[in-house]
Amino acid sequence: MLFGFDSEQIHNFTIKALGGISNSTVTCDLLQDFFGAPRLPVRLCGLNFPNPIGLAAGMDKRAAAVPVWEALGFGFAELGGVTWHAQPGNPAPRMFRAVKDGALINRMGFNNPGAEAMADKLAAWKQAERWPRHPVGINLGKSKVTPLDQAAEDYANSFRRLRSLVDFFVVNVSSPNTPNLRQLQDKSALDEILAALQQQQVPDDPKPIFVKVAPDLAFEALDEILELITPRGLAGMVATNTTISRPETSSDPELQRIYAEAGGLSGKPLQKRSTEVIRHLFRHTKGTLPIIGVGGIFSVEDAWEKITAGASLLQIYTALVYEGPGIAGQLVRGVAARLEQRGMRSLSEAVGTAV
Ligand SMILES: Cc1cc2nc3c(=O)[nH]c(=O)nc-3n(C[C@H](O)[C@H](O)[C@H](O)COP(=O)(O)O)c2cc1C
């Protein structure tokens, strides 16, 4: 029924409802009874994840529903994308459903309240003692008003303000919806950003920093980014963001109309390419660099494919829209069953086994 309405309106309605639920321990506990996941612990980058299925960036851009993701079975949540300056994003409509393909197109353009307001919201959840037990990360983007050559300062400002409040950060240089942002995936531009963040780290409590890449990057460009791992102390990669490409064949007029919209494509059509990127990153680093795999994970089979291609943690966005709130728990249970079938005692034993 909800699919009869505008995508963004449903999204806002849902997040608002989840935000309401988040305020009450009783309703969160009820949700947890229905949708919670069993434990499937992963230890990565010094953090303890109760299970490997996380909420991908873009779903909770304002930290409106921080406590609810745990109740819905997630093992971690990446909030944002957050920019230093508050911004409205692109004009609506800016989110479209390609239902027949299990896909979404979005050109939100980092609509978010800005790092200051985000920090206040996070602090408020902590003060209300509603902070989840799982790790929480922040996806950092560049403010639209900030010129590309001042990007490093923009990212560093957000990082400094939010640093003490969360467990890890993801530098997003791969969104297709901020003009020229993806040029920051260029090695020297990215180096400048990571150096600026490194300067803001507190030595006693350094926060793991991941870089999120586009599925549209050539392997050579990925390899250049990997050269920054050691000099900039990169914690890992998030692979991948949405793609600007479109599925090759589609004679369906409705799909053709949606695929003609500008923006990033997520969901099932992204699944294969994002796995290829994960496999490449794993191979190139000989499995030494943690990878968070994201892109078109709908089923246990999809999740397993990404784990065995080299992902130590996974994230979902589009499947939550199409499959509903039980999806994280289903994936955790399915992955746990596969490990058991194979006599594996932890997820790490399966990571990269198909590379
Ligand atoms: C509406 C929407 C907004 C998104 N916003 C962000 C964002 O702010 N930052 C980011 O790094 N990725 C963002 N993403 C990308 C997702 O985090 C994820 O990488 C992508 O959707 C692929 O995963 P999926 O196929 O499970 O959806 C967004 C995706 C969607 C659909």
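Computing FRET efficiency as 1/(1 + (r/R0)^6) for ALA189 and GLU261, where r is the C-beta to C-beta distance and R0 is 25 Å, gives about 0.35. Only DSSP H runs of four or more residues enter the estimate; each adds -39500 (n - 2.57), and after division by the residues of the chain the mean residue ellipticity at 222 nm equals -11000 deg cm²/dmol. With a cut-off of 17 Å on the backbone N, the residues of the range 128-144 near the modelled label site 7 Å out from ARG43 along Cα-Cβ are 134-135. Residues ASP29, ASP60, ASP204, ordered by accessible area of protein heavy atoms at a 1.4 angstrom probe radius and largest first, appear as ASP204, ASP29, ASP60. Across the range 203-250, the relative contact order, built from alpha-carbon pairs under 8 Å that are at least six residues apart, equals 52 percent. Two numbers describe the Cα atoms of the chain: Rg and Dmax, which are 18.8, 57 Å.
Rounded to the nearest 5, what % of the DSSP beta bridges within the range 71-207 are antiparallel ones? Spell out each step's value before the answer.
On the way: 5 of 14 bridges.
Expressed as a percentage, antiparallel bridges in the range 71-207 total about 35.
Separation of the range 47-89 from the range 165-228 is 18 Å, based on Cα centroids.
Could you list the trypsin sites (Lys or Arg not before Pro) in the range 14-58 that lie in coil according to DSSP, counting only those with at most 12 other Cβ atoms within 10 Å of their Cβ? Don't skip to the answer; put the middle values down first.
Working: sites: LYS16, ARG39, ARG43; in loops: ARG39.
Answer in residue order: ARG39.
Bridging of LYS121 to aspartates and glutamates at a Cα separation below 18 Å is possible for ASP60, GLU70, GLU78, GLU129, ASP167, once same-chain residues fewer than 8 apart are set aside. Measuring r between the beta carbons of GLN127 and ASP223 and using R0 = 51 Å, the FRET efficiency lands at 0.70.
Which whole-number percent is the relative contact order of the chain (Cα, under 8 Å, 6+ apart)?
Numbers: 733 pairs, mean separation 62.9, N = 355.
Result for the chain is 18 percent.
Within the listed set ALA98, ALA214, ALA115, the residue fluctuating most in the Gaussian network model of the chain (springs between alpha-carbon atoms under 10 angstrom) is ALA98. Heavy atoms of the protein chains alone define the surface here; on that basis the chain has 42 Å² accessible area per residue at 1.4 Å probe size. Cross-link pairs exceeding 22 Å in C-alpha to C-alpha distance, out of LYS100/LYS272; LYS212/LYS268; LYS61/LYS144; LYS61/LYS100, comprise LYS61/LYS100. Relative contact order, whole percent, for the range 296-355 stands at 48, derived from Cα pairs under 8 Å and 6 or more residues apart.
With the convex hull constructed from alpha-carbon coordinates only, the range 57-152 shows a mean projected area of 7.6 nm² over all directions. Residue ranges 88-94, 265-271, 238-244 sort as 238-244, 265-271, 88-94 when ordered by packing (mean number of other C-beta atoms within 10 Å per residue, highest first).
In the chain, what % of DSSP beta bridges are antiparallel (nearest 5)? Restricted to the chain, the bridges split so that about 30 percent are antiparallel. Largest accessible area first, the listed residues HIS11, HIS284, HIS134 line up as HIS284, HIS11, HIS134 when surface is computed with a 1.4 Å probe on the assembled protein chains.
Among the protein heavy atoms of the chain, carbon and sulfur supply 52% of the accessible surface, probe 1.4 Å, non-protein parts ignored.
The values are calculated or read from the model by the stated rules, or taken from the named source; none is laboratory data. Not measured: the values here are computed from a predicted model. Note that we place each Cβ from the backbone using ideal geometry, even for glycine, and neighbour counts take in every protein chain shown. The protein model used for the area step is the full one, side chains on, heavy atoms only, and it has no ligands, DNA or RNA in it. Shrake-Rupley method; radii C 1.70, N 1.55, O 1.52, S 1.80 Å.
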